[in-house]
Amino acid sequence: MGLIILLIVGGIVGWLAGLIMRDNNGILLNVVVGIVGAILAGFVVTPLIGGVPITSGVISIQSIIVSLVGAIILLAIVNLVRRGAVR
C-alpha cells in the first residue's frame with residue numbers, strides 16, 4: 001500500500017513541481033522527477049527535521065511539503081543538466 005501512495009503522491013508532487021518551475025519537459029518526466037524527489041527527500045530531509053517520510057505510506061502535510069521541495073530541487077538539477085540553465 002505504501003508503494004501505491006508513494007507513486008500517487010509523487011506523481012502529483014512532480015506535476016506541481018513542474019507547474020511551479022514553469023517547466024516544459026513533459027508530464028512524464030515531471031512525474032518521474034516527483035517520485036524520485038519524494039523518495040530522496042523522504043530519506044535525506046525527513047530524518048533531519050523529524051516526522052514520517054512519504055515512503056512509509058503515511059500522508060501528512062509535512063511529508064508532502066518535504067516531497068515537493070525535493071521534487072523542485074531535483075527538477076532544477078535536471079534542467080541544469082539538460083539545458084545548462086535553471087528556469
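Report L68's accessible area, 1.4 Å probe, all protein chains in place, as a number in Å² to the nearest 10.
For L68, the solvent-accessible surface is approximately 40 Å².
Could you work out the Rg to Rh ratio of segment 4-77, with Rh taken as the Kirkwood radius (inverse of the mean 1/r over all Cα pairs)?
Working: Rg = 11.0 Å, Rh = 11.5 Å.
Reported Rg/Rh (Cα atoms, Kirkwood Rh): 0.95.
Using only helices, what value at 222 nm comes out for the chain when you add -39,500 (n - 2.57) per DSSP H run of length 4 or more and divide by the total residues, to the nearest 500 deg cm²/dmol? Could you put the intermediate results ahead of the total?
Values: 3 runs with 65 residues, N = 87.
Rounded to the nearest 500, the figure is -26000 deg cm²/dmol.
The values are calculated or read from the model by the stated rules, or taken from the named source; none is laboratory data. Everything quoted here is computed from the prediction, not taken from an experiment. Ligands, DNA and RNA are excluded from the accessible area calculation, which covers all protein heavy atoms including side chains. Shrake-Rupley method; radii C 1.70, N 1.55, O 1.52, S 1.80 Å.
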